[in-house]
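Report on the following structure.
Read-outs throughout are calculated quantities, based only on the coordinates presented, and are distinct from any laboratory measurement. Computed from a predicted model, the values in this text were never measured in an experiment.
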Amino acid sequence: MNQIDTALPVIHARIDAAGHLVEADARLHALNTRAGGRVGAPLAVPQLATLVRLAQRLRVLVSRAVVAADGDTDLDMWARAEPQAEGGVRLTISGWRPRGAWRADANPVQREVDLVRAAGGWGWETDAALRLTHVASELGAGQGVDPAALLGQPLTQLFKLGEDEAGSVPILTALAMRARFDNQPAALRATGQRVQLSAVTRLDASGGFAGLTGSALVVEADAGGPREQSVAFASRLDQALRAPLGRIIAHADSINAQAEGPLRQDYVDYAADIATAGRHLLGLVDDLVDLQAIERPDFAIAAEPVDLADIARRAAGLLAVRAAAGAVRIDRPAADEALPAIGEFKRVLQILVNLIGNAVRYSPPGGMVWIRAERDGDRARLVVADQGKGIAIADQARIFEKFERVDPSEPGGSGLGLYIARRLARAMGGDITVDSAPGQGARFTFTLPARE
């Protein structure tokens, strides 16, 4: 993280909901003017404008290190973009200092390594003898691979290498030339899953071969049609974003917890902002992957016996910390209460986490969320009620549509949660309905086929 000089002044600016600069301290005003902007016009510094748009879209405070060009000089700064109730953004900049303009890195190998890592897929590394020194933990998920057991094993113990369309093996040519290779056909030896390998050769201090740093990208079978391409895209999106976001969140939480020792409070706050934004993006990835899955023609739900009351208690437990942070109480079904139904456990839990999570999010401090389980003929019914501001009748159908939210200016999710939840409920033979009025809270009812 950049070291910020406390002697440098903090710079403030205000941007309206349309992205126009409303006011700015003299230093930022001058930079914006040199970039071709003015007060009342769109913010003209691209790096800051991008940060502002991100904060407006996510409705969370976003902060990060920024490097902005100013003539022949680059400016280092730390920028915080905080959404405001009216849709605008308050921009706060600290650590503003000039530095020499960017020059090409003296280490081109490291740049190649960074490019390979940025390409997505699962990461792996070898030593000079092509023994595995690193295998990403994500590679083990669902692939029947134990990354830890592979360390020290030959690369070919993990991958079965193949020939490309020209009949050559790109990795062999790359090793001979000490060069990068891409599109090496291979398969996971444990499962036969097809992958494409890319890697760059690493050199030691004397210029000798030190090993490979690469990535493995899953090749989806028959990925030629629109549906197959959609499946492949969702898979790549999940693989490329989940692991980096997980690491970002973990490191930010560690900094926020001051695990390595005391830090300045603004650093601690920045880390909390990063973790919050990371979790928001990770939730969006989850929603997009679920959306792709449920809209496939062959999507199916497992029909298994479940206990709606038990799953409701579990979902409430998962949300207990969030509820406590907002001073909201959750009144869940009693420990001895049961409501037998037919559904798929993990999907029912997903639905209830969404419904109860929404109720907690929109409840006022000191509010209560009620969860009631009841039998209604051949239907098992679970009701989640809150004391929030309620939903107008005109909006009650719209909230179940894709990317729709009652009030986009409020902090919240992607607008996919209720759409996905209802699609899942109906796929299990049930439904989700809402009963609400402005000022009277909301009452969501989740039904499934009952069982004896």
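Data for the structure
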item	result
Potential extension, residue 378-residue 148 segment - 0.36 nm per residue separation minus Cα distance	77.8 nm
Stretch gain in nm, segment residue 431-residue 401, where the contour uses 0.36 nm per residue and the Cα spacing is subtracted	9.4 nm
Sequence-distant lysines (8 or more away, or on other chains) whose Cα lies within less than 30 Å of residue 402	346, 389
Extended-chain gain in nm, criterion 0.36 nm per residue less alpha-carbon gap, residue 321 and residue 368	15.5 nm
